[in-house]
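Reading through the structure tokens given below for one structure.
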Amino acid sequence: MNGFETITYEKRGSIAYVTLNRPEALNRYNIQMRDELYQVLTAIGDDPDVLVVIFKGAGERAFCVGADLTEFGTAPSPIIARQVRWERDVWGLFLSLKQPLIAALHGYVLGSGVEIALFCDIRIASEEATFGLPEVSLGIIPAGGGTQTLPRVIGKGRALQILLTGDRIDAQEAFRIGLVNMVVSREELYPTADRMAQKFLSRSPIAVRYAKEAIRRGLDLTLEEGLALERRLAGIVKAFAAESVPHFVTGESA
């Protein structure tokens, strides 16, 4: 899949790489990027050969510094501009993906950059990464899921502090509060993401996929409902495993 201007998409084996590619604008998220990302996420969801996805940002300075509101200079207000931007449900597509999603984060990770990262399952940050949701300083609130995903990841109190102040935090603080899973050197960022992807690939793809689904869906259920969901999904995985066991293992003749 080629021909995009604001992102790059590459498949290496069972790993898909999605790179936000507006380095001259610090990978600001604009309408074209939204539309191209929508196409790529749809293709990933339909591709049975893709088992893991890694998200990156081009250039040395930023993963993504948020929405590019300059393209809406003729809009009557930032609020209307944001409303137009989010008509296409990229965030719903993120949620629908069954594959493990890894975000490799460097430099500035702000606004929409944080929101993209929060829709990923594993977040790996380089040591110099800086995080923030500055929307309140612009008189708006996050419109890409930040008010919902952030408290689910780091808890209500910490999320409120970040969202209501718009303050930035460094990579070590992001790790301390659980916003990222690990912090590595800039040189090790992408190799670490690749190793994590390879580790996922070394596991049963069915088990990995349904373990993710159990956690994602279970968070919105009561504990009793979540345990019932877990039992159902475990049964599905067990059935798949039974079908894939070679005959010689069970003692049956070929």
Quiz item: Cα centroids of the range 5-70 and the range 168-187: how far apart, whole angstrom?
Solution: 21
Quiz item: Mind ordering 123-136, 217-230, 23-36 by average Cβ neighbours within 10 Å, highest first?
Solution: 123-136, 23-36, 217-230
Quiz item: What is the distance, in nm, between label points placed 7 Å from the Cα along the Cα-to-Cβ direction at D170 and at L227?
Solution: 4.5
Quiz item: Counting only protein heavy atoms, what percent of the accessible surface of the chain is carbon or sulfur at a 1.4 Å probe?
Solution: 55
Quiz prompt | Choice from A103, A242, A62 with maximal GNM fluctuation in the chain (Cα, 10 Å cutoff) | solution = A242
Exercise. Provide the per-residue ³J(HN,Hα) series for the range 122-133, in order, calculated from phi with Karplus coefficients 6.51, -1.76, 1.60 and θ = phi - 60°, each as a whole number of Hz, with x at glycine and proline positions.
Key: 10, 10, 10, 10, 7, 4, 8, 5, 10, 10, x, 10
Quiz item: Which FRET efficiency value, to the nearest 0.05, do you get for D46 and A242 by plugging their Cβ-Cβ distance into 1/(1 + (r/R0)^6) with R0 = 22 Å?
Solution: 0.20
Practice problem: Could you count how many Lys pairs in the chain have their Cα atoms under 24 Å apart, skipping same-chain pairs fewer than 8 positions apart? | Solution: 14
Quiz item: With contacts defined as alpha carbon pairs under 8 Å and 6 or more residues apart, what's the relative contact order of the chain in percent?
Solution: 15
Quiz prompt | Read-out P(r) over Cα pairs in 10 Å bins from 0, in percent, derived from the coordinates shown; its label in (i) 7, 18, 16, 15, 13, 11, 9, 6, 4, 1, 0, 0; (ii) 7, 27, 32, 23, 10, 2, 0; (iii) 7, 28, 35, 20, 7, 2, 1, 0 | solution = (iii)
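The values are calculated or read from the model by the stated rules, or taken from the named source; none is laboratory data. Bear in mind that the values here come from a model prediction, so they are computed numbers and not experimental data. Here Cβ is always computed from backbone atoms with ideal geometry, including for glycine, and neighbour counts include all displayed protein chains. Note: accessible area is taken over every heavy atom of the protein model, side chains too, but ligands, DNA and RNA are not part of it. Shrake-Rupley method; radii C 1.70, N 1.55, O 1.52, S 1.80 Å.
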